[in-house]
Structures are given as C-alpha cells and as structure tokens.
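Below is one structure; the comments refer to it alone.
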Amino acid sequence: MVFTLEVFKEVHNAWPAKNGKPAGESWDLLCMDKSNPPEHRMEEMLYYRTKEDERARLWGKSVGTMIQVGTSKIRHGDNGGKATLLGSIIFEAKK
C-alpha cells in the first residue's frame, strides 16, 4: 500500500535498557495522510518509522514536505497506540 503523507513533525525518542532488553532509539515522522481519493484518507495522524539511510536525506528538513511511503506493515502500540507505518520512502520524482 502506498501512502502520500505531509510531514507535520519530526519525533526522536530514546529509551534505556530495561529488564534485559537493550536500549533503543526511534526517529519517526508524524504525518497527515494526503492520499487520494480524499474521502478515504486516514483521519488520525500517522507515524512513519524512518530507516538510517532515509534519516540522512530527510532529518532536519522534512517538516512541511510531502513524501510517499510504500507500507508493508501498520503497527499499533508504539507512540501511545497511534498507528506507525513500517516500510520505505519512495524517493523517485513524481511525474
């Protein structure tokens, strides 16, 4: 599934090691769904979990931009139960 998203905010989280689990870090983009047709858009804000190579290109300059995300999974539970999209950003230019 491909989502067209407008980046609203960049969110970085870090947590310490706990109960034998390793410490972790996440770099998420909080986004609004701008997919078409408009009547079928998600009404809530969505998080997109970035990958290391994507962060190098986007982090610090993505707010207010449009991205397309090829989504392989939607996870609920992180970010206070909000939907988090897992997949990859499609970097090819739109025609």
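The values are calculated or read from the model by the stated rules, or taken from the named source; none is laboratory data. Remember, it's a predicted structure, so these values are computed and weren't measured experimentally. Cβ atoms come from the backbone with ideal geometry, glycine included; neighbour counts cover every protein chain shown. All accessible areas refer to the heavy atoms of the entire protein, side chains included, with ligands and DNA or RNA removed. Shrake-Rupley method; radii C 1.70, N 1.55, O 1.52, S 1.80 Å.
Considering the Cα positions of the chain, please state its Rg to one decimal place and its Dmax as a whole number of Å.
Rg then Dmax for the chain, in Å: 13.9, 50.
Which percent of the accessible heavy-atom area of the chain goes to carbon and sulfur, probe 1.4 angstrom?
So the carbon and sulfur contribution to the accessible surface is 53 percent.
Percent relative contact order of the chain, based on C-alpha pairs within less than 8 angstrom and at least six residues apart?
Contact order relative to length: 30 percent.
With a cut-off of at most 14 other beta carbons within 10 Å, and DSSP calling the residue loop, which chymotrypsin sites (Phe, Trp or Tyr not before Pro) in segment 24-89 qualify? Please list them.
TRP59
Which of the GluC sites (Glu not before Pro) found in segment 5-75 are loop residues per DSSP with 15 or fewer other Cβ atoms within 10 Å of their Cβ?
Answer by residue number: GLU43, GLU44.
For the chain: lysine pairs with Cα atoms under 22 Å, gap of 8 or more or different chains, count?
Taking the chain as the scope, the lysine pair count is 18.
Cβ under 13 Å from ARG41's Cβ, ARG41 left aside: what net charge do those residues give with Lys, Arg +1 and Asp, Glu -1?
Around ARG41, the charge tally is -4.
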